[in-house]
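Please read the structure below before turning to the comments.
The values are calculated or read from the model by the stated rules, or taken from the named source; none is laboratory data. Note that the coordinates shown come from a computational prediction; the quantities given were computed from them, not determined experimentally. Cβ coordinates were reconstructed from backbone atoms using ideal geometry, including for glycine residues, and neighbour counts include every protein chain displayed.
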């Protein structure tokens, strides 16, 4: 199979779809890999390293999209990229379609087949291709939250760890999944007073064993979320409904009652955000104020630490990329139900029910297009 890797064009997105070692694996399986010139600049890999791994460097994205049978990216295709996709072409990347009707319609109109990293599952019901970036984003959430709390950055002027004689800052994390767990690890490491809220009692029990009393664990009732947010210096939104738009856990009226200069970091923003006041921002302009509360809502947080993120992502995506290239997407999906769960779009039809429900669009089952 001929596999193409275009350079990412989303604002301040530095990650790359494939690393040179991943290219070497694919070439070793007998596939051809085309890489757009400069793709690896943001992860410290020059074109020569890709050539040494067996890739062919091409001058622009137009060539990649025109020649490749499968496109491997990191972020969702931007409008100009959607227009370069074609019928019969396979796209393998993060999509996050539920809050993005423009991209959804662009993919449907292209006629391509699109498999989303974020809805591929594993035997335990987890999301193995989302997990590495969730780990990065969870850890980053506390870093950027601590930075945003500095007075010069619009925050309350609170040091999360406190100092002897001064209480530590309070961190409320809504959601105890991968993002929430890694955010808590960072916050605890800084010495903050940490509360995790989740609606799953089994998960709260697991977190109790993990943190051994170092965090407060609270069932995420509407009242509990409100009270935790009003008391917090930093609130991390880590809510996920796979493939669907994130539920709103705080209203604008509740945000308005939060402490002036407190900070919200909405890691759920890729799926539309879990706070009513959230809207997507970029690394160029990451924050904004609503009623005196600093909001950090960057939709590609892991892009800021591109080298770490790209290697972590490729560790997870490479086995699936190899299966798709070795077997073709239809056979690969028929033989692996977890990969099949990633199928979101095929030949002008949506194949993921949660996306259709979120956007009010009809869907067909993945099985119906696999034959």
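Can you say whether residue 89 is under 18 Å from the mean Cα position of the chain (by Cα), in contact (Cβ under 8 Å) with a residue 24 or more places away in the chain and surrounded by fewer than 21 Cβ atoms within 10 Å (Cβ to Cβ), as far as the supplied structure shows? When the stated conditions are applied, residue 89 does not pass them. Restricting 59, 20, 79, 6 to residues that are under 25 Å from the mean Cα position of the chain (by Cα), surrounded by fewer than 16 Cβ atoms within 10 Å (Cβ to Cβ) and at pLDDT 95 or above narrows the list to 79. Considering only residues that are surrounded by fewer than 24 Cβ atoms within 10 Å (Cβ to Cβ) and over 14 Å from the mean Cα position of the chain (by Cα), look in region 259-277 and name the one that is farthest from residue 226 (Cα to Cα). Out of the qualifying residues, it is 261. Only one of the numbered conditions (1) in a helix (DSSP H, G or I); (2) touching a strand residue (DSSP E or B) at 6+ places or on another chain (Cβ under 9 Å); (3) within 17 Å of residue 117 (Cα to Cα) is not met by residue 344, and that is (1). Only one of the numbered conditions (1) modelled with pLDDT of 95 or more; (2) assigned to a loop (DSSP other than H, G, I, E, B) is violated by residue 241, and that is (1). Considering 191, 161, 213, the condition of being more than 21 Å from residue 297 (Cβ to Cβ), surrounded by fewer than 19 Cβ atoms within 10 Å (Cβ to Cβ) and without any contact (Cβ under 8 Å) to a residue 12 or more places away in the chain is satisfied by 213 alone.
Applying the condition of being within 17 Å of the chain's Cα centre (by Cα) and over 16 Å from residue 242 (Cα atoms) to region 92-103 and asking which residue is surrounded by the most Cβ atoms within 10 Å (Cβ to Cβ) yields 92.
Would you say residue 132 is touching a residue at least 60 places away in the same chain (Cβ under 8 Å), under 30 Å from residue 346 (Cα atoms) and in a helix (DSSP H, G or I)? Here the answer is yes, as residue 132 does meet what is asked. Residues in region 209-227 that are in contact with a helix residue (DSSP H, G or I) (Cβ under 8 Å, 6 or more places away or on another chain) and either assigned to a strand (DSSP E or B) or closer than 18 Å to residue 192 by Cβ (or both): 210, 211, 214, 215, 217, 218, 219. All of 191, 165, 157 fail the test of being modelled with pLDDT of 95 or more, more than 30 Å from residue 95 (Cβ to Cβ), in contact with a helix residue (DSSP H, G or I) (Cβ under 8 Å, 6 or more places away or on another chain) and assigned by TED's automatic domain parsing to the domain that holds residue 267, apart from 157.
This table checks each residue for (1) modelled with pLDDT under 95; (2) surrounded by fewer than 24 Cβ atoms within 10 Å (Cβ to Cβ); (3) assigned by TED's automatic domain parsing to the domain that holds residue 33; (4) not in a loop (DSSP other than H, G, I, E, B).
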position: 289; (1), (2), (3), (4): no, yes, no, yes
position: 310; (1), (2), (3), (4): no, no, yes, yes
position: 322; (1), (2), (3), (4): no, yes, yes, yes
position: 333; (1), (2), (3), (4): no, no, yes, yes
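Number of residues in region 46-92 that are at positive phi and touching a helix residue (DSSP H, G or I) at 6+ places or on another chain (Cβ under 7 Å) equals 1. For residue 261, the requirement of being in contact with a helix residue (DSSP H, G or I) (Cβ under 9 Å, 6 or more places away or on another chain) and part of a loop (DSSP other than H, G, I, E, B) is met. Look at (1) at negative phi; (2) in contact (Cβ under 8 Å) with a residue 40 or more places away in the chain and you find that residue 154 fails only one, number (1).
The residues listed here are 28, 106, 42; of these, the one that is in the same structural domain as residue 7 (by TED's automatic domain parsing), more than 24 Å from residue 329 (Cα to Cα) and at pLDDT 95 or above is 42.
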